[in-house]
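None of the figures in this text is laboratory data; all of them are computed from the coordinates on show. It should be emphasised that the depicted structure is a prediction, and the values quoted were computed from it without experimental measurement. Counting neighbours? That spans all protein chains shown, and the Cβs are built from the backbone with ideal geometry, glycine included.
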Amino acid sequence: MTKFADLNLSPALLKAVNRMGFEEATPIQAKTIPLSMAGKDLIGQAQTGTGKTAAFGIPLIEKIDVKSQHVQGIIIAPTRELAIQVSEELYKIGVDARVKVLAVYGGSDIQRQIRSLKKGPHIIVGTPGRILDHINRRTLKLGNVHTLILDEADEMLNMGFIDDIEAILETVPEERQTLLFSATMPEPIRRIAERFMKSPETVRVQAKEMTVPLIEQFFVKVPEKEKFDVLARLIDVQSPELAIVFGRTKRRVDELSNALTVRGYTAEGIHGDLSQAKRLSVLKKFKEGKVDVLVATDVAARGLDISGVTHVYNYDIPQDPESYVHRIGRTGRAGKEGMAITFVSPREMGYLRIVEQTTKKRMQPMRPPTWDEALEGQQRITMEKLEESIKEGNLDEYKSVAKDLLTEYDDAITVIAAALKVLTKEPDKTPVHITEEKPLPQKRESFKGGGSGRGGENRNRRGKSGQQPYKGNRKPQRRPTGRRP
Ligand code: ADP
Ligand code: MG
């Protein structure tokens, strides 16, 4: 266990880190901060949610000369949301040290960004396209940059930003420190890193170290046609505080969020086709708890730091195991417990096994809840609300009506049952339309091994060589339903 106090931080940073409530450094932070403060080039790989932002942000902020008006550090991130999130985290880390951070990204007023750039920010966080745009307009000069960071590098590679990044690098002094952080490390990234960096040190934290153990992982075997009803019942039974539902396509996300809304849940969807303003407003509502269920595609949700997610529902099993790890990384963040439930159509069971081989964890089978169980779940919520109200008191204004009712019907149980019924959101059966998705293709030969099963560039080569084929001897005795304990 590494305390931040043991990492040689300046008092201003220690103060900030304490205020942010970090008790100890995460493994990737403990391993990379000293190297980075020593000026080394660095490749850091750790799963989503393990605190990579502070891992590069703390040493960067330590290096900033606040008396200078020049941009000294630049962080390139794949999406606007991530750029914003990183800049917010850096602001919190640097505020006591008076470090100025600015986020620049497409889709937002460029003139306003130009005015902000004139105020002498020390650190720029931006998306590749907009950074280049500012460089070309000469509104952003990187001649004094001493530290360059590529964040979520795997995602930038997937999104085809390599040329943009190279163009940006040409304007940054060669005499610099370069850091690259990523959740996964496919071979092309490693090659790029070698090109841009000077004998980088590689620090890798195993996927299991932080997030996965805190997440209970279940799967529900369910035919495509029944998925939606199962999802609705699970939500009724489990009454998640904050849930994310992952769908495979944009159409799915739209249909699911509409269908959930029709059935009376507060749900919204995000995917890449929505405008930036819309995506930000959905995320904001979700973070504030005004939306209970966020429906998202992998790309839209990747890397986003959304805390407090209690349940992740994989409406569709992800194509590749790494997306699975990313998805469930949305829950159980920063020490909180979470639950992940993956729907698998009977023909996709092979994919489940591939995921399990990657995470080295079995998912427990879960029986889909029945309609009656969903109703019970909703009744329990009503009861809890009633009990809360009893505890709060303040009922005098209602007592005389209550007395009237009891005189008239004199069976207290009937009166209470009626009140419960009125207050309970009964599991809704309103018909909804969800376009069926074809199950993923069956590739029997594919899980016999060969590749490392990790590379993004070779998605067909799944499974680890030399690994025993999965035997499928699950223990059937205890089949938890979605009920809360
Ligand atoms: P990553 O980039 O690895 O996906 P983030 O940097 O977005 O992860 O961090 C995820 C969350 O964990 C953020 O809310 C962040 O503030 C929090 N966090 C980071 N470091 C720590 C720490 N040492 N202790 C507790 N929470 C932390
Ligand atoms: Mg990150």
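Give me the dipole magnitude in Debye, nearest 20, for the chain about the Cα centre, with unit charges on the beta carbon: positive for Lys and Arg, negative for Asp and Glu.
1360
Once Rh is set to the Kirkwood radius over Cα pairs, what Stokes-Einstein translational diffusion coefficient, in µm²/s, holds for the stretch 123-259 at a temperature of 20 °C and a viscosity of 1.002 mPa s?
Here the translational diffusion coefficient equals 113 µm²/s.
Give the peptides 242-250, 274-282, 180-188, 402-410 in descending order of average Cβ contacts within 10 Å, highest first.
242-250, 180-188, 274-282, 402-410
Using only the Cα atoms of the stretch 1-49, build the gyration tensor, take square roots of its eigenvalues as a ≥ b ≥ c, and label the shape rounded, prolate or oblate: rounded if a/c is under 1.5, else prolate if a/b is larger than b/c, else oblate.
Oblate is the answer for the stretch 1-49, as a/c is 1.5 or above yet b/c matches or exceeds a/b.
Could you point to the residue in ALA418, SER199, ALA296 farthest towards the positive end of the chain's charge dipole, with +1 and -1 charges on the Cβ of Lys/Arg and Asp/Glu respectively?
Sorting the options by dipole projection puts first SER199.
Convex hull over the Cα atoms of the chain, averaged projected area in nm²?
27.3
Two decimals is fine: what is log10 I(q)/I(0) at q = 0.10, 0.15, 0.23 Å⁻¹ for the stretch 223-338, from a Debye sum with one equal scatterer on every Cα and no solvent?
So the normalised log intensities work out to -0.25, -0.59, -1.54.
How big is D, in µm² s⁻¹, for the stretch 74-130 by Stokes-Einstein at 10 °C and 1.306 mPa s if Rh is the Kirkwood radius over C-alpha pairs?
141
Could you sort 412-423, 343-354 so that the peptide with the highest average Cβ count within 10 Å comes first and the rest follow in order?
343-354, 412-423
Which of the listed residues, ILE110, GLN276, ILE328, is farthest toward the dipole's positive end in the chain, when Lys, Arg count +1 and Asp, Glu count -1 at the beta-carbon?
Result: ILE328.
With r defined as the distance between the Cβ atoms of GLU201 and ILE390 and R0 fixed at 41 Å, what FRET efficiency is calculated, to the nearest 0.05?
Between GLU201 and ILE390 the formula returns 0.10.
Could you check the simple spin-label distance between LEU420 and TRP371, using points 7 Å along Cα→Cβ, in nm with one decimal?
1.9
Note down the magnitude of the dipole of the stretch 170-272 about its Cα centre, charges +1 on Lys and Arg C-beta and -1 on Asp and Glu C-beta and zero elsewhere, to the nearest 20 debye.
That gives a dipole near 340 debye.
Taking the Cα centre of the stretch 42-171 as origin and charging only Cβ (+1 Lys, Arg; -1 Asp, Glu), how large is the dipole, in debye to the nearest 20?
Dipole about the Cα centre, nearest 20: 820 debye.
So how much slack lies between HIS70 and THR266, counting 0.36 nm per residue of separation and subtracting their Cα-Cα distance, in nm?
Contour length minus the Cα-Cα distance gives 66.0 nm.
Considering all projection directions equally, how large on average is the shadow of the alpha-carbon convex hull of the stretch 295-433, in square nanometres?
Mean projected area for the stretch 295-433: 12.9 nm², to one decimal.
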